[in-house]
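Read through the structure below, which is laid out as structure tokens, and then see the notes.
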Amino acid sequence: MPSASVLVPIYNVERYLPACLESLRAQEGDYEFLCLDDGSTDGSAGIAAEFAEKDGRFRLIRKANSGYGDTLNRGLEEARGKYVGILESDDVMYPDALETLLRAAKGARADLAKGTYSLWWSADGRDVVQHEVPQQLLGKVVRPREHDFCYLLKPTDWSCLYRAEWLSREGIRFLPTPGAAFQDTSFMFKALCSTDRAVFLDVP
């Protein structure tokens, strides 16, 4: 069983995908990376296949186009890791991000470990880390239902690790609505409502 599975939903992102997958390849650990090709019509699937050939932690899953939510649900079904994370295919992961989140989740026995993130402007190289969590709650076990701020955070499902057994037991899945945007909103709301043990970090 891998320590963590990372789900990468892919649809016509050949411009960004090499950097995305390279940032995963740089993560050191017994992870698996599920490249979920949602019926791309460009070269995205070929790029993911190249990574899978070079690094056995990558696995390419090709499927007919059905949208973000349904694609990530397929990934949750396929994931074998004790924890599950998400990396959107036009994003990159900071070095040691998985190790940092995994250590926090295990140390707190948390169902959900959430880091922060940065906004990056590629044209001028600006990288602005976001600080959204009150300092007094950082690194502690938090029961989200007791803290309003949890529901005011941006629903960045891709800045978290989730305990896979807990997601399955609670039936936390994405809405499989083709063409819909912001499907991470309901997923994060369900996740925050369903746990008594979350930990928040101020590390991107």
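Does Leu60 satisfy the criteria of being hydrophobic (A, V, I, L, M, F, W, C), in contact with a Gly (Cβ under 6 Å, 6 or more places away or on another chain) and in a strand (DSSP E or B)? Answer is no for this residue. A Cβ distance below 7 Å, combined with a sequence gap of six or more or placement on separate chains, defines the contacts here; from segment 1-28, residues that are free of Cβ contacts under 8 Å to residues at least 40 places away in the same chain reach no residue that is part of a strand (DSSP E or B). Within segment 169-183, take every residue that is free of Cβ contacts under 8 Å to residues at least 60 places away in the same chain and assigned to a helix (DSSP H, G or I) and give me the one that is most open to solvent (accessible area, probe 1.4 Å). So, considering only residues that are free of Cβ contacts under 8 Å to residues at least 60 places away in the same chain and assigned to a helix (DSSP H, G or I), the one most open to solvent (accessible area, probe 1.4 Å) is Arg169.
For segment 136-153, the tally of residues that are surrounded by fewer than 17 Cβ atoms within 10 Å (Cβ to Cβ), touching a residue at least 24 places away in the same chain (Cβ under 8 Å) and of a type outside the set (Val, Ile, Thr) stands at 7. Which one is nearest to the chain's Cα centre (by Cα) among residues in segment 108-135 that are among the small types (Gly, Ala, Ser) and open to solvent by 20 Å² or more (accessible area, probe 1.4 Å)? Only one residue tops the list, namely Ser118.
Does Ala104 satisfy being in a helix (DSSP H, G or I), more than 22 Å from Ala191 (Cβ to Cβ) and under 19 Å from the mean Cα position of the chain (by Cα)? So Ala104 does not fit the description; no. All conditions in (1) more than 22 Å from Pro9 (Cα to Cα); (2) of a type outside the set (S, T, N, Q); (3) without any contact (Cβ under 8 Å) to a residue 24 or more places away in the chain; (4) crowded, with 16+ Cβ neighbours inside 10 Å hold for Ala105, with the sole exception of (3). Put simply, of Asp42, Asp70, Asp30 the only residue that is closer than 18 Å to Cys160 by Cα, modelled with pLDDT of 95 or more and open to solvent by 30 Å² or more (accessible area, probe 1.4 Å) is Asp30.
The values are calculated or read from the model by the stated rules, or taken from the named source; none is laboratory data. Keep in mind it's a predicted model, so treat the numbers as computed, not measured. In this analysis, Cβ positions are derived from the backbone assuming ideal geometry, glycine residues included, and neighbour counts consider all displayed protein chains. Accessible surface is based on the protein model in full, side chains and every heavy atom, while ligands, DNA and RNA are left aside. Shrake-Rupley method; radii C 1.70, N 1.55, O 1.52, S 1.80 Å.
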